1. Of the chymotrypsin sites (Phe, Trp or Tyr not before Pro) in the stretch 11-51, which ones lie in a loop per DSSP and count no more than 15 other C-beta atoms within 10 Å?
2. Using Cα-Cα distances under 8 Å and only pairs 6 or more residues apart, what relative contact order does the stretch 1-157 have, in percent?
3. Looking only at the stretch 58-81, which residues have a backbone nitrogen under 17 Å from a spot 7 Å from the Cα of residue 115 in the C-beta direction?
4. Relative to the longest principal Cα axis of the chain, at what angle does helix 93-106 sit, 0 to 90 degrees, rounded to 10?
5. Between the stretch 126-145 and the stretch 90-125, what is the C-alpha centre distance in whole Å?
6. State the percentage of accessible surface on the chain attributable to carbon and sulfur atoms; use a 1.4 Å probe and exclude ligands, DNA and RNA.
7. Using Cα extents along the principal axes in Å as the read-out, say which of (1) 54, 42, 37; (2) 52, 39, 31; (3) 78, 37, 35 was calculated from these coordinates.
8. What FRET efficiency would be calculated for the residue pair residue 161, residue 123, taking the C-beta separation as r and a Förster radius of 30 Å, to the nearest 0.05?
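The values are calculated or read from the model by the stated rules, or taken from the named source; none is laboratory data. None of these values were measured; they are calculated from a predicted model. Note that we place each Cβ from the backbone using ideal geometry, even for glycine, and neighbour counts take in every protein chain shown. Accessible surface is based on the protein model in full, side chains and every heavy atom, while ligands, DNA and RNA are left aside. Shrake-Rupley method; radii C 1.70, N 1.55, O 1.52, S 1.80 Å.
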Amino acid sequence: MRPLLDYFRPPPIRSAAALREFISGEASYLAQRSTYEFSRNALAWYGQAAFGDPEFNDAFRICRWETFAIVLSNFVLLARARLAARVAVPAGLDDALVAQARIMLAAYPTPVHRRDWEDVVAELADRLAAARQEEPPSPAGLGAAAAARVYPTMPVQSGNKAEDRKVIANALSFGTIAFNDRLAVRLDDAAVVADLVAEPAAAAAPR
């Protein structure tokens with residue numbers, strides 16, 4: 001019964017580990033779903049052959065990984081905005097969120113087209129710093145901005161670039177809005193902030 005209850009009434013997110021699991025899982029799902037559905041629809045009846053082509057799949061893997069990194073960064077930014085809206089932001093929170101992003105990216109083997117994810121982590125750190133002086137980000141706006149970066153990595157594109165961009169922007173925007181809505185319901189802000197700030201210190205403590 002417990003798995004069924006957790007599916008329909010997922011437990012609150014009360015720790016850094018739970019936040020990592022939620023963000024990474026949601027980012028992975030949206031990255032895979034949006035890129036696969038776009039590619040399948042663009043390929044139409046050629047899809048079966050394309051997804052059996054090793055070269056196509058190599059290109060598709062690059063697209064999927066880069067989309068995952070972009071979406072994950074956006075989700076971390078939204079998590080920070082959600083926390084800052086409800087609790088006082090302590091010193092070290094942004095550094096802790098950057099550390100969590102690094103952990104999430106390192107949870108998978110580094111893709112063959114990359115040496116590491118440090119450029120993604122550095123960009124996220126800059127975005128979190130800028131967020132201190134800005135209005136909370138719009139989930140739909142983040143999705144649309146992500147689409148502009150995802151689209152050039154797509155392994156297949158139709159002859160209508162404007163429509164292509166609209167399709168991927170809608171997929172990423174709706175998915176980002178849905179993530180933000182689920183986060184709002186499940187996030188135990190005070191508990192997560194306390195654990196995020198404490199976790200780096202605990203990891204650095206001598207054993």
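1. Numbers: sites: 22, 29, 36, 38, 45, 46, 51; in loops: 51.
In loop regions of the stretch 11-51 (DSSP not H, G, I, E or B), the sparsely surrounded chymotrypsin sites (Phe, Trp or Tyr not before Pro) are 51.
2. Computed value for the stretch 1-157: 33 percent relative contact order.
3. none
4. That helix lies at roughly 40 degrees to the long axis.
5. Cα centroid to Cα centroid, the span is 17 Å.
6. Values: 6440 of 11370 Å².
C and S fraction of accessible area: 57 percent.
7. Computed from the coordinates, Cα extents along the principal axes in Å corresponds to (1).
8. 0.75
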